[in-house]
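**Q** Below is a structure I'd like to ask you about.
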Amino acid sequence: MLKSKTFVKKTRAGGVMKIVREHYLRDDIWCGSEACIECKQESTVLQKDACIESNLCSYPHYLLPDTNVVLHQIDVLEDPVIRNVIILQTVLQEVRHRSAPIYKRLKDIIHEKEKHFYTFTNEHHRDTFIEREPGESANDRNDRAIRVAAKWYSQHLKASESNQEELKVVLLTNDLGNKQKAEESGLLVHKCEEYIKSLIANPELVDRLALSNDDRNETTSSKVLFPEHLPLSRIQAGIKNGSFLQGTFRASRDNYLEATVFVQGEGEDSTEVLIQGLQNLNRAVHQDVVAVELLPRNQWVAPCSLVLQDEGTAKDDNVEEEEEEKALSILATEAARKPTGKVVGIIKRNWRPFCGMLNVSQIKESTRHLFTPADRRVPRIRIETRQSSTLAGQRIMVAIDGWPKDSRYPNGHFVRSLGIAGEKDTEEEVLLLEHDVPHQDFSQAVLSFLPKMPWAITPEDMVRREDLRHLTVCSVDPPGCTDIDDALHCRELENGNLEVGVHIADVSHFIRPGNALDKEAASRGTTVYLCGKRIDMVPELLSSNLCSLRSNVERLAFSCIWEMNHNAEILKTRFTKSVINSKASLTYAEAQMRIDDTVKNDDITNSLRGLNKLAKILKRRRIENGALTLSSLEVRFHIDSETHDPIDLQTKELMETNSMVEEFMLLANISVAQKIYDEFSECALLRKHPAPPPSNYDILLKAGKSKASREKWNSINRIIHRLLASLVCLFLHFIYLLQYFILICRSKSHSFFSLLTSDKTHFYLKTQMLIHTNSLKRNLHELIGKRGLAQIGNSSSGPRKTDKHGDKMVNNNRHRVKKELTYSYSPSWMFILHKTLFRWQGTVNVEGIWFFRRKNQKMNQINGFWLSGKPYLYTDDCISSLNSFCSSMPAVSSEEFIFVDWNHICCPLSLKEDNTRHIRRREHLVFSVINDVLCDLISASEDQRLEYGMDV
């Protein structure tokens, strides 16, 4: 049966286009039930014995949820107890349009065979399709389509059942109007909440119920804490006439009473509006899209120099908040003001399930508790649960349902438990979930595109590649490395010049554009390295086997080969797809021993010596051109062979071979970038590190002032080079502290398309252009660069030459993943250190350097353990004893002491685990008797101690 729908549409050019859409209806669509004897179905999904113990429904039944139930109760539907559910095409399409994350979760449930979720295409069934009536809204039409489908299912199963007990269909809806109409039609219908509460053997499901529309914003107090949000229609009108601004709400990590709204302007122009105070924040949550109204200029304030964290308990009175907001306004007059506003409405909520811990109520047998998220930018959430005794001490996930205007905190519901807090696997899971790092196992669809084993290089592969198996190629990597990305060789030519080659594993041979493996790699963006754990961007068969340049096996590679003279000047450059056979897989230490051993003169050793000699020349030349070398020592844990927990810590020694590999990887990236840019001048994906603005180095300017030096600290280059030049006379830990500050002051590196900018210079490396090619199976940028190089040779693995849109999406996703990894790796490292080393040794005495950032917060570089962070003085006595704070030259004074930047201190460290949000280090600061490097101690006493906490 064919139906058609005709309508007209206005085009961009102002014309009118007539569109005719055909809609095919069929009568052979299966119902999917085992109990049906009428449908001639090849396979069934819904079970014949569909029994769930319920006080409301004691008979076998299928569940048929409407759209709102799926959108708001997806956590309940994911529970293993809920089975034999009919998902209508109407519901599936509406969920897809309204929430992409929930749509993905619903599709995952449907694909789980043990859940028995069946998708019924009611919109193409002749008996269940309905036309939209005149004057009927789209929502009412969809509700009616759901009722019609539910009625058809009930009649169909009743007519086709055999001698079995009667199967029924239960419609689940929270819409009172829809429920009333369903009852009038003779349907069996229940509210989702009453059905879940009727389940006999699964009372814990009640905790996972999201609040209904009537309950989530229910007023429970006569005291209104927040202004009413404006309706969307008024917000849109205000944005159009310029009275409101639309932007992304970004809560502060350091001050729960402060946030900024990022407003994107035309092109690259953007502004930030400062929001201060609970009422001005007006129930906005981090990453929400909000509408803000600018305050009059005389009410503009400055960012607060105080660190404030919401350590409150379950209370709705805001006496303490009023005092803290008063402190904000006092401090604001001391600095330059910024555009300030208030949130007047929410355009789009970007809520997600949050990880954290439960603050169990002190009231006995209470079911209402506060949940503390791990992310300090997210407010506490009030939930109801009867499992508080079980969930105490566990990491759990909670979703927000709503935020009434009379409640200090939003309301939410329990989603699931992640495990016991403090366990390594649990904490790693929290980090990965909180930072949205993909870490699920690879699906069968992805694994199906892997090559079949045993795999070997075919004659067809050799035809398109250069045979370099005769060369003395070797790799140099850290100990225990299994994913060997690159290898090197160096040999002398007959004309007296040197041939140097960098060989990169050719992952693009195995990952074809557009297949499931390629899409999964694009989604992951990069390989994730945590302490003792690696999450690969591609399956392990590729990362650690077929695309690992292990010794004495033949591997496919991309080779960049230079002809150089003995002064490291490049005479010729060529690129080729190759087959190599690495002669040795060495560690940095093994390679260094070969170079230093005067007795050894084999081909591998001579190759390494030639590479090392050229690398020194290349590095010296870069530094003479103004490049900065800011590499610091890396830390390695000693792992217990039985428990696999770290038991000790040491710094890895940097050798000449580390620099050797770095120099040739950099040279390969530069050469490939130039080649791709020459071929694809408009769509080459390059990488740059732009010059930082002078304001980035304010912190180092203040450091120079605190040093009381006569030098003029008025330029970036002068700051950096004068500091680095003076490192010879300083102790080693202070050297790395200065390097750390230079690193955090620099601008962020990023990838870009060559057409978008004329400035392609890398500020710190002093190169004209750069691309990534040396880690193809760990980074999508490298894979894109590799495909660009392959396209030059008309390889089938290359993308279209102008596929800028797809590459841009991958590039943006890669930046997002990299940014999240920046916040996830450090806590992982800290957790391993805290939960093992400190607990093993108890209190540990270490040295550090004092550096203030705010009135009650300082930067601290702790020597020996190579820790750095931003602790804050959290005791009331500490804050009240600090009488003055100078932001121009950071120093804090009290009655007895003056704390000045760069003081050399001694810190006995121990653990303090009374915080539900994070683990803290408890540090007692004892001023050292060692003379300070930059300034004399104004007042020092070994007996005076000052306690502060550091969140991890």
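**Q** Would the range 565-620 count as rounded, prolate or oblate if I go by the C-alpha gyration tensor, calling it rounded below 1.5 in a/c and otherwise prolate when a/b exceeds b/c, oblate otherwise? Intermediate results must be reported in sequence, preceding the final value.
**A** Values: a/c = 2.13, a/b = 1.21, b/c = 1.76.
Oblate is the answer for the range 565-620, as a/c is 1.5 or above yet b/c matches or exceeds a/b.
**Q** What distance in nm lies between label points placed 7 Å from Cα along the C-beta direction at residue 405 and residue 176?
**A** Taking the two extended label points, one gets 2.1 nm.
**Q** Hey, can you find the accessible area per residue of the range 49-208 for me, probe 1.4 Å, expressed in square angstrom? Present the calculation step by step, with values, prior to reporting the outcome.
**A** On the way: 7350 Å² over 160 residues.
Counting only protein heavy atoms, the per-residue value for the range 49-208 is 46 Å².
**Q** Multiply the residue separation of residue 13 and residue 232 by 0.36 nm, subtract the distance between their alpha-carbon atoms, and state the gained length in nm to one decimal.
**A** Values: separation 219, 0.36 × 219 = 78.84 nm, distance 2.94 nm.
Stretched fully, the residue 13-residue 232 segment lengthens by 75.9 nm.
**Q** Would you mind checking the range 537-572 for residues with the amide N under 14 Å from a putative spin-label position 7 Å along Cα→C-beta of residue 679?
**A** Label zone hits: 558-561.
**Q** Out of the total accessible area of the range 351-421 (probe 1.4 Å, heavy atoms of protein only), what percent is carbon and sulfur? Display every interim value, and only then the final one.
**A** Working: 1250 of 2610 Å².
About 48 percent, which is the carbon plus sulfur part of the accessible surface.
**Q** With charges only on Cβ, +1 for K and R and -1 for D and E, what is the dipole size of the range 351-421 about its Cα centre, in debye, rounded to 20?
**A** On the way: 12 positive and 5 negative charges, 32 e Å.
Result for the range 351-421 is approximately 160 debye, rounded to the nearest 20.
**Q** For the range 435-594, which whole percent of the accessible surface, found with a 1.4 angstrom probe, sits on carbon and sulfur atoms?
**A** Details: 3520 of 6830 Å².
That fraction is 51 percent.
**Q** Give the separation of the Cα centroids, the range 531-550 to the range 263-302, in Å.
**A** 44 Å
**Q** In the range 49-208, with Lys and Arg counted as +1 and Asp and Glu as -1 at Cβ, which of these residues, 150, 177, 139, has the Cα nearest the positive end of the dipole, that is, farthest along it?
**A** 139
**Q** So what's the gap between the Cα centers of the range 9-63 and the range 70-125, to the nearest angstrom?
**A** That distance is 12 Å.
**Q** At what distance in nm do the modelled label points of residue 21 and residue 294 sit from each other, each positioned 7 Å from its Cα along Cα→Cβ?
**A** Placing both labels 7 Å along Cα→Cβ, they lie 4.2 nm apart.
**Q** Compute the accessible area per residue over the range 3-47, keeping the other protein chains in place, probe 1.4 Å, unit Å². Please list the in-between numbers first.
**A** Working: 3600 Å² over 45 residues.
In whole numbers, the range 3-47 has 80 Å² accessible per residue.
**Q** Suppose R0 equals 60 Å. What FRET efficiency, 1/(1 + (r/R0)^6) with r the Cβ-Cβ distance, do residue 309 and residue 516 give to the nearest 0.05?
**A** FRET efficiency, residue 309 to residue 516: 0.85.
**Q** If each residue of separation counts as 0.36 nm, what is the full-extension length gain between residue 113 and residue 620 once their alpha-carbon separation is subtracted?
**A** Numbers: separation 507, 0.36 × 507 = 182.52 nm, distance 6.23 nm.
Between residue 113 and residue 620, full extension yields 176.3 nm more.
**Q** Starting from the 7 Å offset along Cα-to-Cβ, what nm value, one decimal, do you get for the label separation of residue 458 and residue 197?
**A** About 6.5 nm, to one decimal.
**Q** With all protein chains present, how much of the accessible area of the range 49-208 (probe radius 1.4 Å) comes from carbon and sulfur, to the nearest whole percent? Don't skip to the answer; put the middle values down first.
**A** On the way: 3390 of 7350 Å².
For the range 49-208, the apolar C and S fraction of the accessible surface comes to 46 percent.
**Q** Same structure again: Note down the magnitude of the dipole of the range 49-208 about its Cα centre, charges +1 on Lys and Arg C-beta and -1 on Asp and Glu C-beta and zero elsewhere, to the nearest 20 debye. All intermediate terms of the calculation are to be shown ahead of the outcome.
**A** Details: 21 positive and 27 negative charges, 80 e Å.
That gives the range 49-208 a dipole magnitude of about 380 debye.
**Q** Rounded to the nearest 5, what is the percent of antiparallel bridges among the DSSP beta bridges in the range 49-208?
**A** Values: 1 of 14 bridges.
Counting DSSP beta bridges with both partners in the range 49-208, the antiparallel share is about 5 percent.
**Q** Oh, and also: At 25 °C and a viscosity of 0.890 mPa s, what translational diffusion coefficient does Stokes-Einstein give for the range 49-208, taking Rh as the Kirkwood radius over Cα pairs? Give it in µm²/s as a whole number. Intermediate values should be presented prior to the final figure.
**A** On the way: Rh = 16.1 Å.
So the translational diffusion coefficient is about 152 µm²/s.
**Q** Based on alpha-carbon centroids, what's the gap between the range 584-601 and the range 165-204 in Å, whole number please?
**A** If we compute the Cα centre of each part, the gap is 74 Å.
**Q** Something else now. Please work out how much length the chain gains when fully extended from residue 613 to residue 138, using 0.36 nm per residue of separation minus the C-alpha to C-alpha distance, in nm with one decimal.
**A** Numbers: separation 475, 0.36 × 475 = 171.00 nm, distance 7.37 nm.
Contour length minus the Cα-Cα distance gives 163.6 nm.
**Q** Mind scanning 107/405; 5/113; 115/168; 158/197 and naming the pairs with a C-alpha gap bigger than 29 Å? Could the numbers behind the result be given before it?
**A** On the way: 107/405 35 Å; 5/113 37 Å; 115/168 18 Å; 158/197 27 Å.
Table pairs above 29 Å Cα-Cα are 107/405; 5/113.
**Q** I've got another one for you. Using a/c under 1.5 as the rounded threshold, could you call the range 351-421 rounded, prolate or oblate? The axes a ≥ b ≥ c are square roots of the C-alpha gyration tensor eigenvalues, and prolate needs a/b larger than b/c, oblate otherwise.
**A** Numbers: a/c = 1.78, a/b = 1.14, b/c = 1.56.
It comes out oblate by the Cα gyration axes.
The values are calculated or read from the model by the stated rules, or taken from the named source; none is laboratory data. What you see is a predicted model, and the numbers here were worked out from it, not measured in a lab. With ideal geometry, Cβ positions are generated from the backbone for all residues, glycine too; neighbour counts draw on all protein chains shown. The protein model used for the area step is the full one, side chains on, heavy atoms only, and it has no ligands, DNA or RNA in it. Shrake-Rupley method; radii C 1.70, N 1.55, O 1.52, S 1.80 Å.
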